[in-house]
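Input: a single structure, listed below in structure tokens.
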Amino acid sequence: MRILIVEDEPGISAFLKQGLEEESYAVDVAADGNMGLEMALSGEYDLILLDWMLPGMSGVEVCRVFRKNYKDTPIIFLTAKDTAEEAVFGLQSGANDYIRKPFNFDELLERIRVQLRPKSGEHAVFTLGTITLNTDTYEVRKSGELINLTQKEFALLEFLMRNKGKVCRRTRIIESVWDIHFEYNTGIIDVYINALRKKLALSDEENYIQTVRGVGYIAKE
């Protein structure tokens, strides 16, 4: 899961980035409204943490412009404003939730989890042949047998299964799972793919994680 933080106070953004990365989220940071909007419109984010008071463009302006292009991405306002009228105004601009500064990180984390829960009609359990992955219980099973994966192996398998049937390019995998944005030796992906295949004991008939030569990988039944 990738989160964008738009916050002009370096101390707050650094604190949030570290805390969220420790919870296995991939995190990007923008320090002003203009940069935040540009990143939001050009990137693939599952959720945006948006400060209300920002240089360049206010958080409300960013939210309104962003909502014209992306209808479903959850937005949580980080704000020092504390009146009911201001809260309603922020929600009416397109935000899904807000939390007042100073805030408790555990509370923010729970609000993020609420926004990222599967929507009606979606599932927390993903399937790939005989493999099931449950994002609520953090369990992976093959034919009912529990498979122990590392945190990064789980994140990689989740990414592939969420995109089942789609070719996942190596650059997108390294950005989404490892949170690396510059040119990087993506050979680490091959190491983890091989580890997944071994732990899942995939036979020739269970070629669920296929290599797309020169491009990336695809999860396919």
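Quick notes on this one:
- Check on Ser203, at pLDDT below 90, among the hydroxyl-bearing types (Ser, Thr, Tyr) and more than 20 Å from Tyr45 (Cα to Cα): yes
- When Gly36 is tested against (1) surrounded by fewer than 21 Cβ atoms within 10 Å (Cβ to Cβ); (2) modelled with pLDDT of 90 or more, exactly one condition is not met: (1).
- Within the stretch 183-211, the set of residues being surrounded by fewer than 13 Cβ atoms within 10 Å (Cβ to Cβ), aliphatic (A, V, I, L, M) and more than 20 Å from Leu133 (Cα to Cα) comprises Val191 only.
- Asn104 being assigned by TED's automatic domain parsing to the domain that holds Tyr45, closer than 18 Å to Arg2 by Cβ and without any contact (Cβ under 8 Å) to a residue 24 or more places away in the chain: no
- Residues that are assigned to a loop (DSSP other than H, G, I, E, B) and over 23 Å from Lys152 (Cβ atoms) within the stretch 1-52 comprise Glu7, Asp8, Glu9, Ala31, Asp32, Trp52, listed in sequence order.
- Test: Tyr217 is closer than 24 Å to Leu20 by Cβ and under 21 Å from the mean Cα position of the chain (by Cα): no
- Out of Lys142, Lys166, one residue alone is on the phi < 0 side of the Ramachandran plot and surrounded by fewer than 17 Cβ atoms within 10 Å (Cβ to Cβ). It is Lys166.
- Looking across Val29, Val60, one residue alone is surrounded by 15 or more Cβ atoms within 10 Å (Cβ to Cβ) and in contact with a strand residue (DSSP E or B) (Cβ under 8 Å, 6 or more places away or on another chain). It is Val29.
The values are calculated or read from the model by the stated rules, or taken from the named source; none is laboratory data. Quantities reported herein were computed from a predicted structural model and do not represent experimental measurements. Cβ atoms come from the backbone with ideal geometry, glycine included; neighbour counts cover every protein chain shown.
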